[in-house]
Amino acid sequence: MPQIAQLAETYSSQVFWLLVFFGFVFFVIGRGMVPRVMDTVALRDRQIADDLAAAGAARQQADAEEEAWRLRENENRAQAQAIIAQAKAEAAAASEKKLAAAQKRLDKKLAEAAERISAARGEALNEIENVASEAAQDIVQRLAGVTVAKTAAAAAVKKALSHG
Amino acid sequence: MAAEQGKVDPMHQFAIEPLFGSAHWEIAGYNIAFTNSALWMAIATVALWIFVAGGMKRELVPGRWQMAVESFTGFIDDLLEANVGKAGRKYVPYIFSLFMFILFANLLGLIPLPLALAGVHPFTFTSHFTVTGVLAILSFAIVLVVGFWKHKLHFFSLFVPHGTPLVMIPLIFMIELVSFMIRPFSLGLRLFVAMMAGHVLLEVLSSFVIDGLNAGATFGLIVSLPSFLLMIGICALEILVAGIQAYVFALLTSLYINDAENLH
């Protein structure tokens, strides 16, 4: 077995050259080149993560904007409906006012008419009393030959009329 | 050598030979010959460097090569994240180096015939326990340093699981200590044994193929053909083992680091 047979004469050169070459591998390749390779990987990973984050943020923003748009849209719709409702209410109020005014006018006319009717009736009643008292004076004069005062005749007529 | 006698020596592939007349290079009395083992460490290092450099284009949309490199770093990153947690990220360079170095060594050591025909024999340096041992000791040293750095002497509470009865503490402490100290050995030996066993098996089977053919057509049919088919299957298995052993080494190291980072 050369590993043992040659041990005494070769161990020093084996160890020496191993340290030389493994030292080169460690310091030049392991410490010099590997970290840069890993940096590249880390850089790429970070870039991918950043891109993903950016895409996520963009989507979130789009969602937020859509939400805002929806909110605005709802607000506009509500506003429009409020305007319509207000217009309706105003129109209703105006027509009600007009109706009320017309009603008042009609009422007034009715009241006037009623007043005129009652006045006319009162006049007519007076006329009837006058006529009745003159008639009564005439009747009494012709039948009894007595001249009755106008006031007495009127009182008598009023009494008879109120007794109905 | 054995090969000259017309036989295949399954151990010859692990023999270390100095190259380019460097047999007598020394530093402070220690031999540092540039061997075939060192050459394949260099090849693994260069191959790994080329592989990772190809993934450094730093494009936002990665190409195939960049994707491959990034999947390996991501794999180690996930491994540490799962086993150590957030604090595990700072060990990615070490675990990545460890995993990829062992993986490339294992896979390059499996390169078969075309290179051998050209006279270049692949050498699997992870089949030497001097190499795996050093890697294991490195990992173990990191565990110790991190453990004592972070937790000071409180690190010893690692050896006393929660809820241990007071009487049992000395015994449990000794058992846990031994099982802790054995870690670098098991870590290094596991890789070394797995790699060596596979290569020896392939070599033994290949010697069956050659000897069977040399013994005549009948033996060739009975012995060589099944052996050759088995070799193909075992080659596939060895590729799997190469990956698994590298993974196991990295995984166990990260588990040990988890002990040091988080105690229990």
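Results, tabulated for the structure shown:
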quantity	calculated
Of all residues making up region B:85-104, the number that are away from every other protein chain (no Cβ under 11 Å), within 20 Å of residue A:39 (Cβ to Cβ) and in contact (Cβ under 8 Å) with a residue 24 or more places away in the chain	2
Among (1) free of Cβ contacts under 8 Å to residues at least 40 places away in the same chain; (2) under 30 Å from residue A:1 (Cα atoms); (3) surrounded by 15 or more Cβ atoms within 10 Å (Cβ to Cβ), the one test that residue B:225 misses	(3)
Candidates B:175, B:137, filtered to the one that is assigned to a helix (DSSP H, G or I), of a type in the set (Val, Ile, Thr), open to solvent by 50 Å² or more (accessible area, probe 1.4 Å) and in contact (Cβ under 8 Å) with a residue 40 or more places away in the chain	B:137
Residue check for residue A:30: open to solvent by less than 50 Å² (accessible area, probe 1.4 Å), under 30 Å from residue B:94 (Cβ atoms) and among the small types (Gly, Ala, Ser)	yes
Test: residue in region B:42-52 that is at the interface with chain A (Cβ under 7 Å from one of its Cβ atoms) and farther than 30 Å from residue A:44 by Cβ	yes
Any hit, region A:39-49, residues being within 20 Å of residue B:98 (Cα to Cα), in contact with a Ser or Thr (Cβ under 8 Å, 6 or more places away or on another chain) and surrounded by 15 or more Cβ atoms within 10 Å (Cβ to Cβ)	no
Region B:19-37, subset under 23 Å from the mean Cα position of the chain (by Cα) and at the interface with chain A (Cβ under 8 Å from one of its Cβ atoms), residue nearest to residue B:207 (Cα to Cα)	B:37
Unique residue being touching a residue at least 12 places away in the same chain (Cβ under 8 Å) and surrounded by fewer than 16 Cβ atoms within 10 Å (Cβ to Cβ) when the list is B:243, B:212, B:188, B:233	B:243
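The values are calculated or read from the model by the stated rules, or taken from the named source; none is laboratory data. The structure displayed is predicted, hence computed values, not measured ones. Here Cβ is always computed from backbone atoms with ideal geometry, including for glycine, and neighbour counts include all displayed protein chains. Remember, those area values only see protein heavy atoms, side chains included, never the ligands or the DNA or RNA. Shrake-Rupley method; radii C 1.70, N 1.55, O 1.52, S 1.80 Å.
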